[in-house]
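To keep things clear, I will list the structure first and then write my remarks on it.
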Amino acid sequence: MKLYLIRHGQTDENLRHLINDDIRRKVTLNAHGRKQADSAGRKLSRLKGGKIEALFVSPFLRTRQTADIINKHLHVPIVEDIRLHERKTGWDGKPNPDWEEFAGNKFFTIRPKGGESFQEEKKRTYSFLKGLKKRQYKAVAIISHCEPLQTMLVHLEGMSDKKAYSNFISNCQIVVADTDSLR
């Protein structure tokens with residue numbers, strides 16, 4: 001199955017490098033983010049070699065907005081899946097560089113109070129990918145957040161945690177993968 005991994009469109013929090021891992025805080029796409037999503041939708045509608053059959057999306061508002069805009073070009077089912085949500089760090093609203101500095105060399109193993117570790121996040125996204133692989137799709141798009149998509153690259157491309165995390169996924173960047181390589 002062909003996978004099109006897409007990070008949500010830009011938000012003002014992205015521009016300020018602030019973490020938003022609390023689904024209760026309604027962070028929306030900004031004007032540029034909406035344009036990014038529209039552009040991604042146009043690109044996906046012109047794919048050769050297989051039409052996207054469904055959009056799988058994180059339940060966060062910004063990912064759902066991205067999916068809704070993309071879907072104006074695709075007209076396919078949108079399926080929310082909680083396993084695609086952002087990693088819970090407990091640092092919601094705080095600067096991402098501060099979180100990375102705090103986590104330091106324990107970034108991939110630290111489990112903040114009330115949150116999850118990178119390893120737990122990998123297990124969550126692996127569960128999603130394994131379940132998706134059992135379905136009869138030929139091509140789907142997955143709209144999520146940078147880090148959950150990075151963890152999927154560990155499973156799909158055989159990347160190390162460090163290499164996957166250093167592979168930054170920009171807003172509405174489309175990364176092509178395939179479940180045939182799922183490890």
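Quick note: the coordinates plus some simple rules give every number you see, no bench work behind them. All values derive from a computational prediction rather than experimental measurement. Please note: Cβ atoms are built from the backbone with ideal geometry, for glycine as well, and neighbour counts cover all protein chains shown.
Brief remarks on what is shown
- Fully extending the segment from LYS43 to HIS17, taken as 0.36 nm per residue of separation minus the present Cα-Cα distance, adds 6.7 nm.
- Loop-located trypsin sites (Lys or Arg not before Pro) across the stretch 1-68 with a Cβ neighbour count of 15 or fewer within 10 Å are ARG16, ARG24, ARG25, LYS26, ARG46, LYS48, LYS51, with loop assigned by DSSP.
- Computed extension length for PHE168-PHE107: 20.4 nm, one decimal, from 0.36 nm per residue of separation with the Cα-Cα distance subtracted.
- Within the stretch 157-178: backbone nitrogen closer than 15 Å to the HIS32 label point (7 Å, Cα to C-beta): 170-173
- Residue among ALA67, MET159, TYR126 farthest towards the positive dipole end of the stretch 66-183, charges placed on Cβ: TYR126
- Cα convex hull of the chain - mean projected area over all directions, nm²: 9.5
- Sum of -39500 (n - 2.57) over DSSP H runs of 4+, divided by residues of the chain (222 nm, nearest 500): -12500 deg cm²/dmol
- Based on the Stokes-Einstein relation at 25 °C and a viscosity of 0.890 mPa s, and on the Kirkwood radius from alpha carbon pairs, the stretch 106-183 is assigned a translational diffusion coefficient of 186 µm²/s.
- Dipole moment magnitude, nearest 20 debye, the stretch 2-181 about Cα centre, only Lys, Arg, Asp, Glu C-beta charged: 560
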